[in-house]
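Student: I'd like to ask you about the structure that follows.
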Amino acid sequence: MEERTNQDPKEEERSLNFIEQVVTKDIQEGVNLGRVQTRFPPEPNGYLHIGHAKAVCIDFGVAQKFGGVCNLRFDDTNPTKEDVEYVDAILEDIQWLGFKVANIYYASDYFQKLYDFAERLILEGHAYVDELSATEIAEQKGTLTMPGKNSPYRDRPREESLELFRKMNAGEIEEGKMTLRAKIDMASSNMHMRDPIIYRIIKYPHHRTGSKWHVYPMYDFAHGQSDYFEGVTHSICTLEFVPHRPLYDYFVDLLMPEGTTYRPRQYEFNRLNLTYTVMSKRKLLYLVKNNYVKGWDDPRMPTLCGLRRRGYTPESIKNFIDSIGYTKYDGVIDMALLEHAVREDLNKKATRVSAVLHPVKLTITNYPDGEKELFEAIDNPEDPQSPTHTIPFSKHLWIEQADFMEDAPKKYFRLSPDGREVRLKSAYIIRCMGCKKDESGRVVEVFAEYDPETLSGRSESNRKVKGTIHWVPFEEALDVEVRLYDTLFKDEIPQEIEGESFENLLNPSSEEIISHAKVEPFLASATLSTPYQFVRTGYFALDPDSSEDKLVFNRTVSLRDSWKKVAEK
C-alpha cells in the first residue's frame, strides 16, 4: 500500500521518530487496512500546559503527516473536577497551535456503552462488586514482591453483583461504600492487573449528563474502550502508561467481537519536564487557587494561555518540541532551550522599537531649540521586505539610566562626564558634558553635545565610536507599564524537593513591574498579535490588561540568557 503523506521538503529531511516509524511500518503491512487515526484525550480539569503541547504535536502531527484523522476526546469521567471553562480553553489552545480538530468527542458519549460492557463483564464472571474501603483494597493488593489477597467479595454470585451494580447507579448506595472491580489476577507481577477498580460511585452532577449517572468509569476502563468505539488505530500516551498497557489490551480484547480485524494499540513516549517549573495540573491549580499567580494565564505559568500572553508563538513552541524529539526514556529539558526557540522565531518576526525602561532625561545643548527631525527606522532588519516607521528627534530625549555613569571604568563605552562619546541609534554621535542631580544626589538629567556631521547613514565622517545607545523622544514618548518575568521557581527541579511548601520554592523575583517606562510613539498602535523587540533589551508582547489610557507590555524573553548565569552564582 502506498504511504499517505503530506510531508513538505523540510519534513522529509528530518528522520522519523520511533512513533512515526511504527506508523510507517503499520501502513506498509496493512495493519488496520493501513488506516491512521489518533486522538488527543485531555481531562477537562485544567488548562493545557507546554507538556500537553508535546502530546498535541505528536497526536495531531502523526495524523497530518500520514493523511489520517486526529480526534479531540475529552476524558470527562470525573465530574467533581471538570468544567466547561476548561473544555473551551483546551479547544482554543489546540487551534492556536495550528492544528485542525477533525471531530470532538467526550468519554461521556460512551457512558451507556461502557456501562453495558461492565454489566456484560459481571455476567461473564470478569467483574464483581466489592465492599472493601479504598484503604482495605490498597492493603490487600500486596506489594511488588508479595502477591495480593483475594477480596472476600471476589466470588460473590454474578446476579448479586449485577443487582448491586444497578443499585450503585440508581443512587441507592453511598459514595465509597462499593466499587466495581475487574476480576483478573491478584498474583500478577503487574500491580495494575490485580483486580483494578473500574467503576466508583460519584454523586455529583456531570457538566454534560447532569444527574443521569451515579457511577463513573475509571480512566483505565474508559480509555481503551473509547479508542475502540472511535476507531483509533494508534493510541499515543506518555511513559507512565507503560504498565497500564496490559490492562488496556485486556479490556479491548474482551470488548472486541470475535473475528474482528481492527484493533487499537497503545504506544508511549517520554513526557516533557522542564527545569524551574512544574507540569502537574494539581500543583498548577494549587498556585492559582492560593493566589501565588494571577490565574491560569499568568505569564509565569507553563500553560499555553500563559505562554501566549507572555508572547510565545505557536511556531516557537512547535520548533522547541521538534528539537527535543520523542524517546522512550524520561529526562528534564533545560528551560534555556525553550527560550532559545522563541528567540530564534521572534528574531525573524518582531518589530524593532525603542523603549527606555529606566528613563533619564538627555539634553543636547548645542542642538537648535524648537527643531525636530524625523528619522526612519526599519521594522525588522531580518526581513528584506520590512516596512519602516519614523521616530522624532529633538533637543531633549530619554535614555536609559544605565547608559550614563558618573564615575565610569575604562572599558565603559557609554556616557560619562569625562567626555566619552557614543552614537545615538539612527542619529548622531554625541559627547557627554556633565549631569544634573536632585537633592538626594540622583542623576535627573544628562548633558551632551552632538556633531551635526555624523548623522547615521548619511555621514561622510570617518569618525567611529565604540558604543551605540538607544533613545526615545522626550515630548512624544508614551508612558507605559512593563512587566519583566523570570522563572516562577528558584530551584531547578522544584518537584523533586520534599518537605518544602511552594511558598519556599517560589522565586520572589519572578515578576518585576516597571510603572513608568518610556516608548516611542509608534507603539500607540501596538496590537496583541504583534511581537516587538525593544532594542538592546528583549522581546515583548502587548498584554490584554492594556487600555487606551495605558499600555502594558510583557517581556517574553531577554535578548540573552541572563537568568541562568545568575542562578549559577
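Student: Among strands (runs of 3 or more DSSP E) lying entirely in the stretch 475-552, which contain 2 or more residues that are hydrophobic (A, V, I, L, M, F, W, C)?
Tutor: The strands (runs of 3 or more DSSP E) meeting that bar are 478-485, 511-519, 538-542.
Student: Among the residues in the stretch 164-171, are any open to solvent by 80 Å² or more (accessible area, probe 1.4 Å) and out of contact with any helix residue (DSSP H, G or I) (no Cβ under 7 Å at 6 or more places or on another chain)?
Tutor: Yes, some residue in the stretch 164-171 is open to solvent by 80 Å² or more (accessible area, probe 1.4 Å) and out of contact with any helix residue (DSSP H, G or I) (no Cβ under 7 Å at 6 or more places or on another chain).
Student: Also, quick follow-up: If you take just the strands (runs of 3 or more DSSP E) that sit entirely in the stretch 415-464, which of them hold at least 3 residues that are surrounded by fewer than 16 Cβ atoms within 10 Å (Cβ to Cβ) and not β-branched (Val, Ile, Thr)?
Tutor: In the stretch 415-464, the matching strands (runs of 3 or more DSSP E) lie at 429-437.
Student: Hey, among the residues in the stretch 125-146 that are assigned to a loop (DSSP other than H, G, I, E, B) and out of contact with any Lys or Arg (no Cβ under 8 Å at 6 or more places or on another chain), which one's surrounded by the most Cβ atoms within 10 Å (Cβ to Cβ)?
Tutor: So the residue we want is Leu132.
Student: On to the next question. Counting only residues that are among the basic types (Lys, Arg) and within 41 Å of the chain's Cα centre (by Cα), which one in the stretch 101-153 is modelled with the highest pLDDT?
Tutor: So the residue we want is Lys113.
Student: Next question, about the same structure. Given the residues Asp479, Asp403, Asp383, which is the only one that is open to solvent by 20 Å² or more (accessible area, probe 1.4 Å) and either farther than 28 Å from Asn347 by Cβ or touching a strand residue (DSSP E or B) at 6+ places or on another chain (Cβ under 7 Å) (or both)?
Tutor: Unique residue meeting the criteria: Asp479.
Student: Let me spell it out: the conditions are (1) of a type outside the set (Ser, Thr, Tyr); (2) at pLDDT 95 or above; (3) surrounded by fewer than 22 Cβ atoms within 10 Å (Cβ to Cβ); (4) in contact with a Gly (Cβ under 6 Å, 6 or more places away or on another chain), and Phe18 meets all of them except one. Which number is the exception?
Tutor: With respect to (1) of a type outside the set (Ser, Thr, Tyr); (2) at pLDDT 95 or above; (3) surrounded by fewer than 22 Cβ atoms within 10 Å (Cβ to Cβ); (4) in contact with a Gly (Cβ under 6 Å, 6 or more places away or on another chain), Phe18 is out only on (4).
Student: While we're looking at this one, here's another question. Pick out the one residue from Thr365, Thr351 that is polar (S, T, N, Q), crowded, with 16+ Cβ neighbours inside 10 Å and out of contact with any Lys or Arg (no Cβ under 6 Å at 6 or more places or on another chain).
Tutor: Answer to the selection: Thr351.
Student: Find the residue count for the stretch 31-46, including only residues that are in contact with a Ser or Thr (Cβ under 7 Å, 6 or more places away or on another chain) and open to solvent by 30 Å² or more (accessible area, probe 1.4 Å).
Tutor: 1
Student: Among residues belonging to the stretch 368-378 that are of a type in the set (D, E, K, R) and modelled with pLDDT of 95 or more, point out the one that is least open to solvent (accessible area, probe 1.4 Å).
Tutor: Residue satisfying both the conditions and the ranking: Glu373.
Student: Now for a different question. Collect the residues in the stretch 62-76 that are part of a helix (DSSP H, G or I) and open to solvent by 20 Å² or more (accessible area, probe 1.4 Å), keeping them in residue-number order.
Tutor: Gln64, the sole residue that qualifies.
Student: Sticking with this one: Answer with yes or no whether Ser189 is part of a helix (DSSP H, G or I) and under 30 Å from Phe18 (Cα atoms).
Tutor: In short, no.
Student: For Met193, indicate whether it is open to solvent by less than 40 Å² (accessible area, probe 1.4 Å), touching a helix residue (DSSP H, G or I) at 6+ places or on another chain (Cβ under 9 Å) and at pLDDT below 95.
Tutor: no
Student: Looking at the stretch 24-52, which of its residues are small (Gly, Ala, Ser), closer than 26 Å to Lys281 by Cβ and either modelled with pLDDT of 95 or more or not in a loop (DSSP other than H, G, I, E, B) (or both)?
Tutor: Listed by number, the list holds a single entry, Gly51.
Student: For Arg343, work out the one condition from (1) buried (at least 18 other Cβ atoms within 10 Å of the Cβ); (2) modelled with pLDDT under 95; (3) not aliphatic (A, V, I, L, M) it doesn't fulfil.
Tutor: Every condition holds for Arg343 apart from (2).
Student: Identify the residue in the stretch 229-271 that is among the acidic types (Asp, Glu) and in a helix (DSSP H, G or I) and, among all such residues, is surrounded by the most Cβ atoms within 10 Å (Cβ to Cβ).
Tutor: Glu230
Student: Only one of (1) open to solvent by less than 30 Å² (accessible area, probe 1.4 Å); (2) touching a Lys or Arg at 6+ places or on another chain (Cβ under 6 Å) is not met by Leu274, so which one is it?
Tutor: (2)
Student: Please indicate, with yes or no, whether at least one residue in the stretch 86-95 is touching a Lys or Arg at 6+ places or on another chain (Cβ under 7 Å), crowded, with 23+ Cβ neighbours inside 10 Å and modelled with pLDDT of 95 or more.
Tutor: No, every residue in the stretch 86-95 fails to be touching a Lys or Arg at 6+ places or on another chain (Cβ under 7 Å), crowded, with 23+ Cβ neighbours inside 10 Å and modelled with pLDDT of 95 or more.
Student: To continue, here is another question. Could you list, ordered by first residue, the pairs with Cβ atoms under 7 Å in which the first is in the stretch 542-569 and modelled with pLDDT of 95 or more and the second is part of a loop (DSSP other than H, G, I, E, B) and of a type in the set (Gly, Ala, Ser), at least 6 apart or interchain?
Tutor: Here the result reads Leu542/Ala526; Leu551/Ala526; Val552/Ser546; Asn554/Gly311; Thr556/Gly311, each pair linking the stretch 542-569 to a residue that is part of a loop (DSSP other than H, G, I, E, B) and of a type in the set (Gly, Ala, Ser).
Student: Using the structure shown, decide if Tyr412 is over 20 Å from Ala448 (Cα atoms), modelled with pLDDT under 95 and part of a loop (DSSP other than H, G, I, E, B).
Tutor: So Tyr412 does not fit the description; no.
The values are calculated or read from the model by the stated rules, or taken from the named source; none is laboratory data. Not measured: the values here are computed from a predicted model. Neighbour counts run over all protein chains shown; Cβ positions are idealised from the backbone, glycine included. Accessible surface is based on the protein model in full, side chains and every heavy atom, while ligands, DNA and RNA are left aside. Shrake-Rupley method; radii C 1.70, N 1.55, O 1.52, S 1.80 Å.
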